[in-house]
2 protein chains.
Amino acid sequence: MKLDVVIAPTLLAEDKLRGRLCAVVDVLRATSTITTALASGADAVYPCLSVEEAKRGADKHGRGSALLGGEERGQLIPGFDLGNSPLEYLAAEVVVGKDIFFYTTNGTGAIRRAYAACGCPIYIAALINMSAVSSVMVGAASAGRAEGIVILCSGRYGKPSAEDLFCAGLIVYQIFTGLREIGTVPLLLDGAGIALGFAAANRERSLDVLASSEHGRYLQSLGFAQDLEFASRLDSYEAVPIFDGDRVFLLNGDS
Amino acid sequence: MKLDVVIAPTLLAEDKLRGRLCAVVDVLRATSTITTALASGADAVYPCLSVEEAKRGADKHGRGSALLGGEERGQLIPGFDLGNSPLEYLAAEVVVGKDIFFYTTNGTGAIRRAYAACGCPIYIAALINMSAVSSVMVGAASAGRAEGIVILCSGRYGKPSAEDLFCAGLIVYQIFTGLREIGTVPLLLDGAGIALGFAAANRERSLDVLASSEHGRYLQSLGFAQDLEFASRLDSYEAVPIFDGDRVFLLNGDS
């Protein structure tokens, strides 16, 4: 069983994901926000490749239960109901029963690319739900449903981002430990080793990692410092969102 | 002053290198071998983009003082004088006064790409000379000759490799410390932060990092375990090789 981390979508080779379990990470902020929305009661999130695709999806769905959410350059998109701050998706009255058509600069594209490359459901992971996702992936791997496990970091404009690699490294640690406990010692490929080392060097520094990262600094300059604090908390949720190629929903229906 | 690490050549954006000081790292084995050859008395190393380019270069130069060196898939190339093991380049009687036309799968291409993207001389760094290169780069940066510093990891087939990121992280640490001592606190971009964290987590584990890496395992399977030991030793040389767009030679003429 090979365990790998793809440090940026630019490095994604399609053959790498075939037959493997895959989780996508975008700590700041897409996967944090998707997890929060579903844990707060949203029915589903539809990750879109463009603003236009999101608008078309919401129109087709009927605007009654549909919401438009996401960002461009970190900011609210004109005509959208919600931005990409997880804090906007906390209130039950905003999200319960809603289908959210969601576009963000890096994360939603990474989720769609991962599904296209993998051909099977994709786990959605962030710091706020990393243990729950790790645990479910260990269970799926031990059930013999995969040749390996890959964590894909969304990064920023195709390049690596520190906060995603940090989260990926914590997940690698948990999956490695979980698999070893059931008698499987996975082979760590270089991407996984790099993520694990980076996370080990920064253990207990979650908020610092986010706040000193390039994207974290950018978000703070836009006034989103609270988002960093929220997204940096480990395991706020037990929620395990999964993308089936169409929509993201909770695998365990839990919050 | 920004300090960054490009984790794999695939992630190299040309604008990122313009006006910056750049070092290229390929611990296993191109930059280790180039450093060894020059420190052992070779006149120059010509990094080539193909086997054919190396052969043409050697023929044109005249085979009297020319040597052909390098590898494909880790192995000696038919018709070449030397492979890509640094141990082959240690003996004075082999390399003194020689011009080595050199092709390797990842390293020589990364050096040429870095020069094309940067437009000014490129430092050649490995674990065996990392402190010397770091020190020279701090000096050049403090002399105001650059807007920033970038370490480019050669990686493997375009993907990140643990041993190169480890070396890059050690160099980042030395450059950061060196600049701070002269009153400049560089801004660490995400690539540099990731490399620094990974190196910090693996300090004192140099040989382990090489031996457990994907490329290190491959080289051991080919019988090159001694190369890993040689390439993992920190600061065996004071040599600072530099590539001027044509050839690599010693900046400080030292070994």
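Each value in this text was obtained by applying a stated rule to the coordinates, not by laboratory testing. In this text the structure is predicted, and so the values were computed from the model without any measurement. Note that we place each Cβ from the backbone using ideal geometry, even for glycine, and neighbour counts take in every protein chain shown.
Around the Cα centre of the stretch B:164-221, unit charges on the Cβ atoms of Lys, Arg, Asp and Glu (plus for the first two, minus for the last two) sum to a dipole of about 80 debye.
Taking the convex hull of the alpha carbon positions in chain B and averaging its projected area over all directions gives 12.0 nm². Helix B:190-201 axis versus longest C-alpha principal axis of chain B: approximately 80°, rounded to the nearest ten.
Mean partner shielding of peptide B:163-174, defined as the number of other chain Cβ atoms within 10 Å of each residue Cβ, is 1. Charge dipole (Cα centre; +1 on Lys/Arg Cβ, -1 on Asp/Glu Cβ; no other charges) of the stretch A:36-103 amounts to roughly 100 debye.
The GluC sites (Glu not before Pro) found in the stretch B:1-54 include none that occupy coil by DSSP while having at most 13 further C-beta atoms within 10 Å.
Counting 0.36 nm for each residue step from A:Y218 to A:S135 and taking away their Cα separation leaves a gain of 26.7 nm.
Note on chain A: dipole from Cβ charges, positive end direction compared against A:S50, A:T184, A:A211; the farthest Cα belongs to A:T184. With the Cα gyration tensor of the stretch A:36-103 giving a ≥ b ≥ c as the square roots of its eigenvalues, does the rule (a/c under 1.5 for rounded; else a/b larger than b/c for prolate; else oblate) give rounded, prolate or oblate? Oblate. Measuring against 32 Å, Cα to Cα, the residue pairs A:K2/B:K2; B:K2/B:K159; A:K16/B:K16; A:K98/B:K159 contain A:K2/B:K2; A:K98/B:K159 as the ones spanning a longer distance. For the peptides A:24-32, A:36-44, B:67-75, the ranking by mean Cβ contacts within 10 Å, running from highest to lowest, is A:24-32, A:36-44, B:67-75. Neighbouring Cβ atoms from other chains, within 10 Å of the Cβ of residues in B:193-206, number 6 on average.
Approximating the spin labels as points 7 Å out from Cα along Cα→Cβ, the B:L49-to-A:K2 distance works out to 2.9 nm. Against chain B, whose longest principal axis comes from its Cα atoms, helix B:51-61 is set at around 70 degrees. The largest-to-smallest principal axis extents of the Cα set in the protein assembly as shown are 81, 50, 39 Å. Rounded to whole numbers, the Karplus 3J(HN,Hα) couplings from phi for the stretch A:110-117 are 5, 5, 5, 5, 4, 5, 4, 7 Hz, using 6.51 cos²θ - 1.76 cosθ + 1.60 with θ = phi - 60°, and x at Gly and Pro.
Relative to the longest principal axis of the Cα atoms of chain B, the long axis of helix B:30-39 makes an angle of roughly 80 degrees.
The dipole here belongs to chain A: it is taken about the Cα centre, uses +1 on the Cβ of Lys and Arg and -1 on the Cβ of Asp and Glu, and is about 440 debye.
The gain in end-to-end length when the B:S65 to B:Y157 segment is fully stretched comes to 30.0 nm, 0.36 nm per residue minus the alpha carbon separation.
Selection among B:G197, B:I77, B:A13 by position relative to the dipole of chain B gives B:A13 as farthest towards the positive end (Cβ unit charges, Cα centre).
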